[in-house]
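Here the structure is laid out as structure tokens; the discussion comes afterwards.
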Amino acid sequence: AQSVAQPEDQVNVAEGNPLTVKCTYSVSGNPYLFWYVQYPNRGLQFLLKYITGDNLVKGSYGFEAEFNKSQTSFHLKKPSALVSDSALYFCAVRLPLLGSARQLTFGSGTQLTVLP
Amino acid sequence: DSGVTQTPKHLITATGQRVTLRCSPRSGDLSVYWYQQSLDQGLQFLIQYYNGEERAKGNILERFSAQQFPDLHSELNLSSLELGDSALYFCASSGGAGEGETQYFGPGTRLLVL
């Protein structure tokens, strides 16, 4: 069974500092990996995804993520955090099987707080 | 704005009742997914429809059912509601044909069962 883990429930970072939100996965095969962000009382917004190719993926709002197959990780990063980045971040995984169901399996979420 | 709409935004009902949540996917998207977000279970996949047909089932209770109509909108029916069904229910949509497609989420329906 596929699974994804976000080992940190909470990450605090000062505004202007780099931020990292960690994600590791456990799947057989080559996964598709996603990051979503959820602001209070809002739906999930897509940030970026890794399908294949370059291990460094750039997404919305200056976020990027690095796919590391040997460490089975897909950490979300941003060089300089903004207070407005404070939100709940979810990592998700899906297996790339043609014709299969395409549901996402989500991690437990990481609450990012950027301190002014 | 993702282009996925969900109604109603909020729903308050009593135990034992039945409710229907509605989702309209992005224009052109054939797949619709339903997810439940609760404090104790996190974000869980419930069910997927593709072009009117059920494609996959997750941890969906037998009291819950869904369908996708010819115009591609979907409804999630929750019956014999229990207190534990209180949660945020999300609908997402994707094109449904390509690999690695992104799921775009609606704003959710917050259900409170009293």
Among the residues that make up segment A:55-71, is at least one of them in contact (Cβ under 8 Å) with a residue 40 or more places away in the chain, buried (at least 16 other Cβ atoms within 10 Å of the Cβ) and touching a Ser or Thr at 6+ places or on another chain (Cβ under 8 Å)?
no
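Could you check segment A:76-86 and list, in sequence order, the residues that are surrounded by 14 or more Cβ atoms within 10 Å (Cβ to Cβ) and in contact with a Pro (Cβ under 8 Å, 6 or more places away or on another chain)? Reasoning before the result, please.
Of the residues in segment A:76-86, the ones surrounded by 14 or more Cβ atoms within 10 Å (Cβ to Cβ) are A:76-78, A:81-82, A:85-86.
Matches in segment A:76-86: A:Lys77, A:Lys78, A:Ala81.
Please work out if B:Ser74 is modelled with pLDDT of 95 or more, crowded, with 17+ Cβ neighbours inside 10 Å and within 14 Å of the chain's Cα centre (by Cα).
Numbers: modelled with pLDDT of 95 or more: yes; crowded, with 17+ Cβ neighbours inside 10 Å: yes; within 14 Å of the chain's Cα centre (by Cα): yes.
Spelling it out, B:Ser74 is indeed modelled with pLDDT of 95 or more, crowded, with 17+ Cβ neighbours inside 10 Å and within 14 Å of the chain's Cα centre (by Cα).
Considering only segment B:60-77, how many residues are under 16 Å from B:Ala92 (Cβ atoms) and not in a strand (DSSP E or B)?
Taking segment B:60-77 and keeping what is under 16 Å from B:Ala92 (Cβ atoms), we get B:60, B:66, B:68, B:72-76.
Restricting the remaining residues to those that are not in a strand (DSSP E or B) gives B:60, B:72-73.
Number satisfying all stated conditions: 3.
For segment B:78-99, give me each residue that is surrounded by 15 or more Cβ atoms within 10 Å (Cβ to Cβ), in a loop (DSSP other than H, G, I, E, B) and at the interface with another protein chain (Cβ under 8 Å from one of its Cβ atoms).
Residues of segment B:78-99 surrounded by 15 or more Cβ atoms within 10 Å (Cβ to Cβ): B:78-79, B:81, B:85-96.
Subsequent filtering for residues that are in a loop (DSSP other than H, G, I, E, B) retains B:79, B:81, B:86, B:95-96.
Answer for segment B:78-99, where residues must be surrounded by 15 or more Cβ atoms within 10 Å (Cβ to Cβ), in a loop (DSSP other than H, G, I, E, B) and at the interface with another protein chain (Cβ under 8 Å from one of its Cβ atoms): just B:Gly96.
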Yes/no for B:Gln48 being at pLDDT below 95 and outside any loop (DSSP other than H, G, I, E, B):
yes
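Determine which member of the set A:Val37, A:Val93 is touching a helix residue (DSSP H, G or I) at 6+ places or on another chain (Cβ under 9 Å) and assigned to a strand (DSSP E or B). I'd like the intermediate steps shown before the answer.
Values: A:Val93 fails: touching a helix residue (DSSP H, G or I) at 6+ places or on another chain (Cβ under 9 Å).
Criteria check complete, one pass: A:Val37.
Can you tell which of B:Gln67, B:Gln48, B:Gln103, B:Gln17 is crowded, with 19+ Cβ neighbours inside 10 Å and either within 10 Å of the chain's Cα centre (by Cα) or away from every other protein chain (no Cβ under 11 Å) (or both)? Can you show your working first?
Numbers: B:Gln67 fails: crowded, with 19+ Cβ neighbours inside 10 Å; B:Gln103 fails: either within 10 Å of the chain's Cα centre (by Cα) or away from every other protein chain (no Cβ under 11 Å) (or both); B:Gln17 fails: crowded, with 19+ Cβ neighbours inside 10 Å.
Exactly one residue qualifies, and that residue is B:Gln48.
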Of the listed residues (A:Ala81, A:Ala1, A:Ala65), the one being modelled with pLDDT of 95 or more and not in a strand (DSSP E or B) is A:Ala81
Tell me the residue from A:Asn41, A:Asn30 that is within 23 Å of B:Gln48 (Cα to Cα), within 12 Å of another protein chain (Cβ to nearest Cβ) and surrounded by fewer than 17 Cβ atoms within 10 Å (Cβ to Cβ), please.
A:Asn30
Suppose we keep only residues that are closer than 18 Å to A:Thr110 by Cβ, within 7 Å of another protein chain (Cβ to nearest Cβ) and hydrophobic (A, V, I, L, M, F, W, C) within segment A:44-53. Which one would you say is surrounded by the fewest Cβ atoms within 10 Å (Cβ to Cβ)?
A:Phe46
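The values are calculated or read from the model by the stated rules, or taken from the named source; none is laboratory data. Since the structure is predicted, the reported quantities are computational estimates derived from the model, not experimental observations. Note that we place each Cβ from the backbone using ideal geometry, even for glycine, and neighbour counts take in every protein chain shown.
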